Amino acid sequence: MRIYIPAANSDLSAPSLTPRIVHGVTRELEREFGDDEPEVFEAVAMNAAADDSVRLLAAKISKGIACASRRCVVVAVVPDADLAVPSTDELPTARLLKQAVAWDRVESIHVDDEELESEVRRAAMGDDEAFEIVADEDLMWYDVAERTALSVALAARDI
């Protein structure tokens with residue numbers, strides 16, 4: 001299954017992506033949305049992961065951990081056996097990733113443009129208006145080969 005992993009810039013320098021709630025095109029999502037095009041389902045899953053990325057940033061900020069104020073979503077393909085239905089009441093896109101994801105399973109990385117940093121930070125600090133603003137913005141696409149350079153660039157933006 002292709003999954004959309006909510007991340008923070010520190011994840012980009014990690015040896016693998018640790019288990020967490022991720023998002024994907026699930027049967028529950030397809031039932032809820034009906035006969036939409038596959039691209040619509042993928043966009044819903046991507047947006048859910050981007051929203052969760054804001055929540056990851058909020059958790060880091062509340063703990064005083066420096067982080068770049070940009071949403072980050074990593075797209076990977078994993079076996080269905082690596083996923084479980086979460087025990088909590090989550091979105092229909094949500095799955096619990098049970099195994100770490102190696103970087104060779106990653107297809108792409110998606111990050112906010114630098115111009116959105118102040119809005120993303122405000123959203124992470126609980127500003128609903130800022131959250132709506134960033135939710136309307138698309139993430140920039142990066143090839144997985146750009147991971148190290150992207151990680152270094154984002155680390156330089158840590159606040």
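Overview of results
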{"read-out": "Conditions (1) of a type in the set (D, E, K, R); (2) in contact with a strand residue (DSSP E or B) (Cβ under 7 Å, 6 or more places away or on another chain); (3) loosely packed, with under 13 Cβ neighbours inside 10 Å; (4) part of a helix (DSSP H, G or I); number of the one not met by GLU129", "value": "(2)"}
{"read-out": "Long-range neighbours under 7 Å by Cβ, at least six apart or interchain, first residue among the basic types (Lys, Arg) within segment 109-133, second in a loop (DSSP other than H, G, I, E, B)", "value": "ARG121/SER69"}
{"read-out": "Identity of the residue in segment 1-37, over 11 Å from the mean Cα position of the chain (by Cα), among the β-branched types (Val, Ile, Thr) and within 16 Å of GLU90 (Cβ to Cβ), that ends up surrounded by the most Cβ atoms within 10 Å (Cβ to Cβ)", "value": "VAL25"}
{"read-out": "Some residue of segment 90-101 being under 22 Å from ALA43 (Cβ atoms), modelled with pLDDT of 95 or more, surrounded by 15 or more Cβ atoms within 10 Å (Cβ to Cβ) and more than 16 Å from the chain's Cα centre (by Cα)", "value": "no"}
{"read-out": "Where a residue in segment 5-30 is over 18 Å from GLU117 (Cβ atoms) and touching a residue at least 60 places away in the same chain (Cβ under 8 Å) and its partner, wherever it lies, is assigned to a helix (DSSP H, G or I) and among the aliphatic types (A, V, I, L, M), with Cβ under 6 Å and at least six apart", "value": "HIS23/ALA45; HIS23/ALA48; HIS23/ALA49; GLY24/ALA45; VAL25/ALA45"}
{"read-out": "Of all residues making up segment 102-117, the number that are within 21 Å of VAL54 (Cα to Cα) and either crowded, with 20+ Cβ neighbours inside 10 Å or not charged (D, E, K, R) (or both)", "value": "7"}
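The values are calculated or read from the model by the stated rules, or taken from the named source; none is laboratory data. Computed from a predicted model, the values in this text were never measured in an experiment. Cβ: placed from backbone, ideal geometry, glycine included. Neighbour counts: every protein chain shown.
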